[in-house]
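Undergrad: For reference, the structure I am asking about is given below.
Nothing in this text is a laboratory measurement; each read-out follows from the coordinates by a stated rule. This one's a predicted model, so the numbers in the text were calculated from it and none came from an experiment. Reconstructed Cβ throughout: ideal geometry from the backbone, glycine too, with neighbour counts over all protein chains shown.
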Amino acid sequence: MNHSVSARTNEPDRRLNERMECNRPAIVRLGNSKLFNCIIKDISRSGARILLPQGAWEPSYFELDYPQYGGIIAVKKIWSADGMLGVKFLNEI
């Protein structure tokens, strides 16, 4: 278990998988439609923290197009704050 402190809440991090900082571009998609570009700030086997463009719509379920980490990844929004979005991968990668 990861014993670091969450940057978002300043509380102990309860994630089962350690996150790695990456700061890489990705694309938010719904089906075959590209919605917008984003930046994956950090990633783990079970989720990621992404930076969205200002004012971007935040769907509850969507796909991340991220070729560096296996292509299209189906995700669920877990939290949102200050232009950042925490997502859980629907299938662990």
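Undergrad: Suppose each label sits 7 Å from its Cα in the direction of the beta carbon; what would the C22-R45 distance come out to in nanometres?
TA: 1.5
Undergrad: Under 13 Å from a point 7 Å along the Cα-to-Cβ line of A74: which residues of the stretch 32-66 have their amide N that close?
TA: Residues passing the 13 Å test: 61-64.
Undergrad: Moving on. Which of the chymotrypsin sites (Phe, Trp or Tyr not before Pro) found in the stretch 48-78 are in a DSSP loop and have at most 14 neighbouring Cβ atoms, other than their own, within 10 Å?
TA: W57
Undergrad: Given the peptides 40-47, 79-86, arrange them by the average over their residues of other C-beta atoms within 10 Å, most packed first.
TA: In descending order of packing, they fall as 40-47, 79-86.
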